[in-house]
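The values are calculated or read from the model by the stated rules, or taken from the named source; none is laboratory data. It should be emphasised that the depicted structure is a prediction, and the values quoted were computed from it without experimental measurement. Counting neighbours? That spans all protein chains shown, and the Cβs are built from the backbone with ideal geometry, glycine included. Calculation scope for accessible area: heavy atoms of the full protein, side chains included, ligands and nucleic acids excluded. Shrake-Rupley method; radii C 1.70, N 1.55, O 1.52, S 1.80 Å.
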Amino acid sequence: MQKIIAINAGSSSLKFKLFEMPEEKVIAKGLFDRIGLDEGKIKISYDNKESFEKKEHIENHSIAVKRLLDLLLNLDIIKSYAEIAGVGHRVVAGGAFFKKSVVVNTKVMRQINELAEYAPIHNPANLMGIKAFRKALPDAISVAVFDTSFHQTIPKTNFLFSVPYEWYHNYGVRRYGAHGTSHRYVAKVAAQMMKKPLAELKIITCHLGAGASICAIKNSKSFDTSMGFTPLTGITMGTRSGDTDVAMISFMMQKLKMHSMPEIIYDLNKKSGLLGISGISSDMRDIEEKKKTSERAQLAEDIFVKDVVKYIGAYTAEMGGLDAIVFTAGIGENSAQIRKLVMKRLSYMGIMIDEERNNQRGKAEFVSTPNSKVDVLMIPTDEELMIARDVQVLASQNEDIHSKNYVV
Ligand code: ADP
């Protein structure tokens, strides 16, 4: 029995989940928010019912980590630091360096730093989290789990953009994708629920949250995915545009009298998607509530559903068939309405919805009928659990963590 902590460090936040492994029991979880700002916020829940909340200044990530570990001790969640055998860190960009999760050493940290040009906000923040934990818990194994690594199996025909080849060859411009840990987790659960080996299945996983991506998984490997060089492309998202025509950018920069690319990229990242179309909200709950009275809210929902349907059709054709569709993340897990609208549009594939099951929430479930030609499942994602599992596998292989580069 050992404790493993999964960490998601952002530029001003640090989220954690502490697991007892191999039982996979969550013993505490929480958030340090507004790090480096005037008033920070700490929230920790534990023991299923207890919670600790406090507002206080949190100077930097190192202080946040020190404070977190002390609180785990003071709240009697752990008896000593030594109980934490491993720390798993979510890292956004793994580029072409990382095809799997790895034990962190100085070389890995250098590579994560080099990859910051692909994820300028996220990778440096992830690295701050890694460094802070290595300092506070020098004896615990430290593992990096990359959002992109699952997609490293995508074949060249699917990851290359049709741009000058040198852009890829010289500068690494290609599809890297994202949400890999989530797609990997739900595909595995889907195969278990279907009682079939993942290696024999063609699955499309739809991670539909504020950020959203779709992944074609063939014979247990990522075969194609909707996010690209950055998370801006693919389907319509909460505030991101998804696929657009890049030539529109220079046209709109002139019209809007913008002087720099970051200005318009900001609009495509933050003012587009459901928010841009509806003019009301980036949140699907608001869109569903307002669509009766707002034509643009209805349009936002229609476009979102159309995008999901379009990618499912394209990926089914690319894979030459389809065994299952999985819905996950905020919208995929909670919106019976969106699942229903997508499934109705796919009735041509022989997909049949089980209305009663589709209206349930909270637990993994088939939402298609037993005679549906393609299984459709709703599976709550658990990226932190996947991270903790990777740490456990690497910890069990690990003899000399600082000199070798083990992979899961
Ligand atoms: P992310 O991790 O990308 O920030 P989440 O996976 O937490 O996002 O998803 C958040 C989104 O899920 C919200 O913006 C909202 O659109 C959607 N959502 C959450 N609950 C519901 C619900 N009951 N009905 C419809 N959409 C929901």
Along the three principal axes, how long is the chain when you take its alpha carbons, biggest first, rounded to the nearest angstrom?
57, 56, 45
3J(HN,Hα) from dihedral phi, the stretch 342-350, Karplus parametrisation 6.51/-1.76/1.60, rounded to Hz, x for glycine, proline
5, 5, 4, 5, 9, 5, 4, 7, x
On a 0 to 90° scale, report how tilted helix 122-136 is relative to the longest principal axis of the chain, with both axes built from alpha carbons and the result rounded to the nearest 10.
20 degrees
Just the number, please: carbon plus sulfur as a percent of the accessible area of the chain, 1.4 Å probe, no ligands or DNA/RNA counted.
52 percent
Peptides 226-233, 21-28 ordered by average Cβ neighbours within 10 Å, highest first:
226-233, 21-28
DSSP beta bridge pairing in the chain, given as percent antiparallel to the nearest 5:
70 percent
Residues of type lysines that Lys195 reaches as a straight line, Cα spacing below 20 Å, ignoring anything fewer than 8 places off in the same chain
Lys218, Lys221, Lys363, Lys373
Hull volume per residue for the stretch 18-83, using the convex hull of the C-alpha atoms, in Å³ is 82 Å³
Would you work out which of Val309, Thr239, Ser213 lies farthest towards the positive end of the dipole of the chain? Charges go on Cβ: Lys and Arg +1, Asp and Glu -1.
Val309
Kindly express, to the nearest 10 degrees and within the range 0 to 90, the angle between helix 61-74's C-alpha long axis and the longest C-alpha principal axis of the chain.
70 degrees
Residue by residue through the stretch 222-235, which ³J(HN,Hα) values in whole Hz follow from phi under the Karplus form 6.51 cos²θ - 1.76 cosθ + 1.60 (θ = phi - 60°), with glycine and proline marked x?
5, 10, 6, 8, 7, 6, x, 5, 10, x, 7, 9, x, 7
May I ask you to derive the FRET efficiency for Arg361 and Glu53 from their Cβ-Cβ distance with R0 = 35 Å, giving the value to the nearest 0.05?
0.85
Report the label-to-label distance for Thr230 and Ser45 in nanometres (one decimal), using points 7 Å from each Cα along the Cα→Cβ vector.
3.4 nm
Cβ-placed point charges (K, R +1; D, E -1), dipole of the stretch 262-358 about Cα centre in debye, nearest 20:
220 debye
Interchain or sequence-distant (5+) residues whose placed amide H lies within less than 5 Å of the amide H of Ala178 are Met227
Ranked highest first by average number of other Cβ atoms within 10 Å, how do 143-151, 351-359 line up?
143-151, 351-359
FRET efficiency, 1/(1 + (r/R0)^6) with R0 51 Å, evaluated for Lys195 and His259 via beta carbons:
0.30
Placed amide H near Phe161: partners under 5 Å, 5+ positions off or other chain
Arg175
Contour minus Cα-Cα span, Leu75 to Val246, at 0.36 nm per residue, comes to 56.3 nm
What does the helix-only formula give at 222 nm for the chain: each DSSP H stretch with n ≥ 4 adding -39500 (n - 2.57), the total divided by the residues, and the result rounded to the nearest 500 deg cm²/dmol?
-11500 deg cm²/dmol
Val393 and Ala96 label points (each 7 Å along its Cα→Cβ direction) are spaced in nm at 2.4 nm
Here FRET efficiency (C-beta to C-beta, Glu166 to Lys270, R₀ 30 Å, nearest 0.05) is 0.45
Keeping all protein chains in place, calculate the accessible area per residue for the chain (probe 1.4 angstrom), answer in Å².
47 Å²
Lys306 versus Lys292, label points 7 Å from Cα toward the beta carbon: distance in nm?
2.5 nm
Which order do the peptides 202-211, 49-58, 91-100 come out in when sorted by mean C-beta neighbours inside 10 angstrom, highest first?
202-211, 91-100, 49-58
Which one of Ser13, Asn48, Val143 has its Cα pushed farthest toward the positive end of the charge dipole of the chain, where Lys and Arg give +1 and Asp and Glu give -1 at the Cβ?
Val143
